[in-house]
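J.: Quick one: the structure is below, and I'll ask about it shortly.
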Amino acid sequence: MTKRRSPWLLAVTALVYVFLYAPIIVLVVFAFNSSRTNVVFEGVVNQGDCGAFYWFCQLTRNRELVSAARNTMIVATVSTVASTVIGTMAALALQRYKFPGKAYSEISLYIPIVIPEIVMGVGLLVLYSALFGIINNAFGLTGDSRLSLGLGTVILSHIAFSVPFVALVVRARLQGFDKAVEEAAMDLYANEWTTFWRVTLPIIFPGVMSGALLAFTLSLDDFITTFFTTGPGGTTLPIYVYGLLRRVTTPELNALATLWIVIVFVVLMLSQLAGRRSEAQ
């Protein structure tokens, strides 16, 4: 006997989906607006060689936008690689070894995840300011040689909040790992380094890839931590978009947001596929 679905439940579900996705749909539609304002939709734009994609073509002619996009990709790529390596090593250490302070280390992994992001942003800003002040005074650095906030501090900050996410994802994969496979490799005279590269890493790689894609997505979307730790030459796309919103909003901003949604959606889908592959294995 099949249960009848409640019409009220279907209605509430539909309203939730409308509430979640209606703003995104409106944003995408206005990316093709012929008007230079986002107040009224005046029809689909059809200008120049780009036609309906006129505002998307305008993005490539904006030097500030291109620079911010380049900084964003640099930060996301470098922080993802570093946090994946560090997070994977942390997961292996916490899952397999016993050492003094292990319980504290396990708890500390959750701190960057559970605390408000603004607290972490302010904390990192205070840390960088104090540390750079000590180094600049100790070595007598002046002018352009002085250490200051910039793209480097943004990368370090993104690594700091991405490592716990990678470590938790990889550790979840390690919990179902059969150590007998490694023991069999060592019985065949493989050393620990060879066993890790030829046996352990290929098995846990879906989990590592899932954690890396998660870190990449978090780095792409981050605003608060980046806002507190950035400096001259360290403007990323979220910071650039925030600056545009304070001046004027044009369909060019909608086009940028549309591209951003597509990129994040693709990365999340890849992360989901990697996670399902990890579970299947």
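The rows are residues; the columns are (1) touching a Lys or Arg at 6+ places or on another chain (Cβ under 8 Å); (2) β-branched (Val, Ile, Thr).
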| residue | (1), (2) |
| --- | --- |
| Ala184 | no, no |
| Pro202 | no, no |
| Gly207 | yes, no |
| Thr217 | no, yes |
| Thr226 | no, yes |
| Gly231 | no, no |
| Tyr242 | no, no |
| Pro251 | yes, no |
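J.: Out of all the residues in segment 99-137, which are polar (S, T, N, Q) and under 16 Å from Gly87 (Cα atoms)?
T.: Ser105, Ser108
J.: Another question, then. Does Leu253 count as crowded, with 21+ Cβ neighbours inside 10 Å and either part of a helix (DSSP H, G or I) or touching a residue at least 60 places away in the same chain (Cβ under 8 Å) (or both)?
T.: It is true that Leu253 is crowded, with 21+ Cβ neighbours inside 10 Å and either part of a helix (DSSP H, G or I) or touching a residue at least 60 places away in the same chain (Cβ under 8 Å) (or both).
J.: Looking at (1) assigned to a helix (DSSP H, G or I); (2) modelled with pLDDT of 85 or more; (3) hydroxyl-bearing (Ser, Thr, Tyr), which is the only condition Thr235 fails?
T.: (1)
J.: Can you go through Thr230, Thr226, Thr217 and tell me which one is under 30 Å from Leu149 (Cβ atoms), surrounded by 20 or more Cβ atoms within 10 Å (Cβ to Cβ), in contact with a Pro (Cβ under 7 Å, 6 or more places away or on another chain) and touching a residue at least 40 places away in the same chain (Cβ under 8 Å)?
T.: Thr226
J.: Which residues, counting only those in segment 118-146, are touching a helix residue (DSSP H, G or I) at 6+ places or on another chain (Cβ under 9 Å), at pLDDT 85 or above and of a type in the set (A, V, I, L, M)?
T.: Ile118, Met120, Val122, Leu124, Leu125
J.: On to the next question. Considering only residues that are among the acidic types (Asp, Glu) and without any contact (Cβ under 8 Å) to a residue 40 or more places away in the chain, which ones fall in segment 42-101?
T.: Hits for segment 42-101 are Glu42, Asp49.
J.: Let me ask you something else. If you take the residues in segment 14-41 that are closer than 13 Å to Phe56 by Cα and of a type in the set (Phe, Trp, Tyr), which one is surrounded by the fewest Cβ atoms within 10 Å (Cβ to Cβ)?
T.: In this case the residue turns out to be Phe32.
J.: If Leu147 satisfies all but one of (1) touching a residue at least 40 places away in the same chain (Cβ under 8 Å); (2) closer than 21 Å to Ala130 by Cβ; (3) of a type in the set (A, V, I, L, M, F, W, C); (4) in contact with a Phe, Trp or Tyr (Cβ under 6 Å, 6 or more places away or on another chain), what's the number of the condition it fails?
T.: For Leu147, the failing item is (1).
J.: Determine if segment 198-217 includes at least one residue that is outside any helix (DSSP H, G or I), within 18 Å of Gln95 (Cα to Cα) and either out of contact with any helix residue (DSSP H, G or I) (no Cβ under 9 Å at 6 or more places or on another chain) or among the aromatic types (Phe, Trp, Tyr) (or both).
T.: no
J.: Turning to a different aspect of this structure: Step by step: first the residues of segment 160-206, then only those that are among the basic types (Lys, Arg) and surrounded by 18 or more Cβ atoms within 10 Å (Cβ to Cβ), then the one that is farthest from Thr84 (Cα to Cα). Which residue is that?
T.: Out of the qualifying residues, it is Arg173.
J.: Could you grab the pairs with beta carbons closer than 9 Å, sequence gap of 6+ or different chains, first residue in segment 186-204 and without any contact (Cβ under 8 Å) to a residue 24 or more places away in the chain, second one among the polar types (S, T, N, Q) and assigned to a helix (DSSP H, G or I)?
T.: Met186/Thr195; Leu201/Thr88
J.: If you go through segment 129-182, how many residues are more than 13 Å from Thr229 (Cα to Cα) and of a type in the set (Ser, Thr, Tyr)?
T.: The number of residues fulfilling the criteria is 3.
The values are calculated or read from the model by the stated rules, or taken from the named source; none is laboratory data. Just so it is clear, the model here is predicted, and its values are computed rather than measured. Ideal geometry is used to build each Cβ from the backbone, glycine not excepted, and the neighbour counts take in all protein chains shown.
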